[in-house]
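The values are calculated or read from the model by the stated rules, or taken from the named source; none is laboratory data. Being a predicted model, the structure only gives us computed values, none of them experimental. For neighbour counting, all protein chains shown are included, and Cβ atoms are generated from backbone atoms with ideal geometry for every residue, glycine included.
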Amino acid sequence: MGGGCRVYREVLRYSTSEGFQVLDITSDVESVVARSGVVEGLVNVFARHATAAVVLNEGEPRLMSDIVEAARRLAPPGGGWRHDEIDDNAHAHIGAILYGSGVTVPVSRGRLMRGTWQNVLLVELDGPRPQREVVVTVIGETL
Amino acid sequence: MGGGCRVYREVLRYSTSEGFQVLDITSDVESVVARSGVVEGLVNVFARHATAAVVLNEGEPRLMSDIVEAARRLAPPGGGWRHDEIDDNAHAHIGAILYGSGVTVPVSRGRLMRGTWQNVLLVELDGPRPQREVVVTVIGETL
Amino acid sequence: MGGGCRVYREVLRYSTSEGFQVLDITSDVESVVARSGVVEGLVNVFARHATAAVVLNEGEPRLMSDIVEAARRLAPPGGGWRHDEIDDNAHAHIGAILYGSGVTVPVSRGRLMRGTWQNVLLVELDGPRPQREVVVTVIGETL
């Protein structure tokens, strides 16, 4: 590798229909990487929200419900949080911190260098919401 | 976008006054990004410590106390940790792993592309400390 | 700093011998950064797996056992997860999400700009496995 780097960006938008929900956005992210022209580098996938998260894991429906269940157990709604005095979503803020706002994944040969079971998942923790924004930034070398 | 990328870095320093504490460092990080000259890219905000974390979330005082409370619940001080045999801060190490040492945020038009409630928060888990270092690295395209 | 950026990558491979295990891979990552020729930039260290994690923390043996213990407490094996109906490793998936698939660390003067106690740790949550892959991507400016 060698030569110059470039930055390419797209914003993906999703609506959510439940209070807690996991959406598999892998194919959308892969399409952005393909369009970027970046061959070797990194892609950052970032939720522009304080009550949603982006994680990597298997897009298996039962596991997706476990991801919701784990968030409920670790940061329970109505769990005696002080922020609930002014809003009722402290659990969603804490869950977003635990799961993380974004992930950075290597890109090789123009594709995500992810493991077989590493899908890109958007985790809604305070839905439903008409619009959640996921910023995809690809940085690296072009051909 | 197109052309070359650059790397710009500054180290921010903070003192903490309590065992657990959350500091809102958003404006400092935004100033570094502005000084970097990077227009499109990424900014990495990184705590150079094993017992502090950097997270993104709302800088609301009650939520900031919930962030402390959640760390205490999930990784309780004196919670039967083996590392406490040689030091008394295992909870702070585990909390730092759960919350994460750093975040990577997209930069667009020379500004953090963060959500309305996504402030950059430095989480002290083993204070007080006279100096905590936060490394801010901006990478991307200049004009 | 100024001039062009480059991307350099190596894949590290490890075998694990226990169900839960923490491996200190700091020196391997430092060697990759040294070989990269990147002087100022970022290094991303990424586990290509849904049931393993990469974190930064102290490589002290008792703390490493605490890291395992915390994963067991927060995402207990056999903890009533639905994914266990088809596989018995839901705890490892949830633990990998909580700890995170990867970390991004600043690089300065050709070295990781990590804190004294910030070692790079590969956390096995569903071993033993004959091969775990850790992708190391260095991006930044060369001399």
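What to note about this one:
- Residue that is modelled with the lowest pLDDT [pool: residues in segment C:1-15 that are under 25 Å from B:Thr137 (Cα atoms) and charged (D, E, K, R)]: C:Arg6
- If you go through segment A:53-64 and keep only what is part of a strand (DSSP E or B) and at the interface with another protein chain (Cβ under 7 Å from one of its Cβ atoms), you end up with A:Val55, A:Leu56, A:Asn57.
- In segment B:70-82, residue nearest to B:Val120 (Cα to Cα) [restricted to those that are more than 7 Å from every other protein chain (Cβ to nearest Cβ) and assigned to a helix (DSSP H, G or I)]: B:Ala71
- Residue within segment B:20-36 that is of a type in the set (A, V, I, L, M), under 30 Å from A:Gly37 (Cα atoms), at the interface with chain C (Cβ under 10 Å from one of its Cβ atoms) and buried (at least 20 other Cβ atoms within 10 Å of the Cβ) present: no
- Segment B:110-141, residues that are crowded, with 24+ Cβ neighbours inside 10 Å and at the interface with chain A (Cβ under 8 Å from one of its Cβ atoms): B:Arg114, B:Gln118, B:Ile139, B:Gly140
- Residue ID - surrounded by the most Cβ atoms within 10 Å (Cβ to Cβ), chosen from residues in segment B:67-89 that are of a type in the set (Gly, Ala, Ser) and more than 28 Å from A:Thr51 (Cα to Cα): B:Gly79
- Residues being in contact with an Asp or Glu (Cβ under 7 Å, 6 or more places away or on another chain) and within 30 Å of B:Tyr8 (Cβ to Cβ) - total across segment C:119-143: 5
- Taken as a whole, the structure places B:His91 among residues that are facing chain C (nearest Cβ under 10 Å) and out of contact with any helix residue (DSSP H, G or I) (no Cβ under 6 Å at 6 or more places or on another chain).
- Selection count, segment B:73-92, where residues are more than 24 Å from A:Ala71 (Cα to Cα) and either touching a residue at least 24 places away in the same chain (Cβ under 8 Å) or among the acidic types (Asp, Glu) (or both): 5
- Selection count, segment C:56-66, where residues are among the aliphatic types (A, V, I, L, M) and either in contact with a Lys or Arg (Cβ under 8 Å, 6 or more places away or on another chain) or buried (at least 24 other Cβ atoms within 10 Å of the Cβ) (or both): 2
A quick yes/no check of all residues on (1) assigned to a loop (DSSP other than H, G, I, E, B); (2) of a type in the set (A, V, I, L, M, F, W, C):
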site	(1), (2)
C:Ile67	no, yes
C:Asp84	no, no
C:Ile94	no, yes
C:Val103	no, yes
C:Leu121	no, yes
C:Asp126	yes, no
C:Arg129	yes, no
C:Val134	no, yes
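- Enumeration of residues in segment B:94-112 that are out of contact with any helix residue (DSSP H, G or I) (no Cβ under 7 Å at 6 or more places or on another chain), of a type outside the set (S, T, N, Q) and at negative phi: B:Ala96, B:Gly102, B:Val103, B:Val105, B:Pro106
- Condition check for C:Ala50: buried (at least 17 other Cβ atoms within 10 Å of the Cβ), at pLDDT 95 or above and more than 7 Å from every other protein chain (Cβ to nearest Cβ): no
- Residues that are touching a helix residue (DSSP H, G or I) at 6+ places or on another chain (Cβ under 7 Å) and within 30 Å of B:Thr142 (Cα to Cα) within segment A:118-143 comprise A:Val120, A:Val136, A:Val138, listed in sequence order.
- For segment C:90-109, the candidate set comprises residues that are closer than 13 Å to C:Ala53 by Cβ and touching a Gly at 6+ places or on another chain (Cβ under 7 Å); within that set, the residue that is surrounded by the fewest Cβ atoms within 10 Å (Cβ to Cβ) is C:Gly100.
- Residue list for segment A:105-119, restricted to those being touching a strand residue (DSSP E or B) at 6+ places or on another chain (Cβ under 7 Å) and outside any loop (DSSP other than H, G, I, E, B): A:Val105, A:Pro106, A:Val107, A:Ser108, A:Leu112, A:Asn119
- Within this structure, A:Glu18 passes the test of being in contact with a strand residue (DSSP E or B) (Cβ under 8 Å, 6 or more places away or on another chain), within 30 Å of B:Leu63 (Cα to Cα) and either of a type in the set (Val, Ile, Thr) or modelled with pLDDT of 95 or more (or both).
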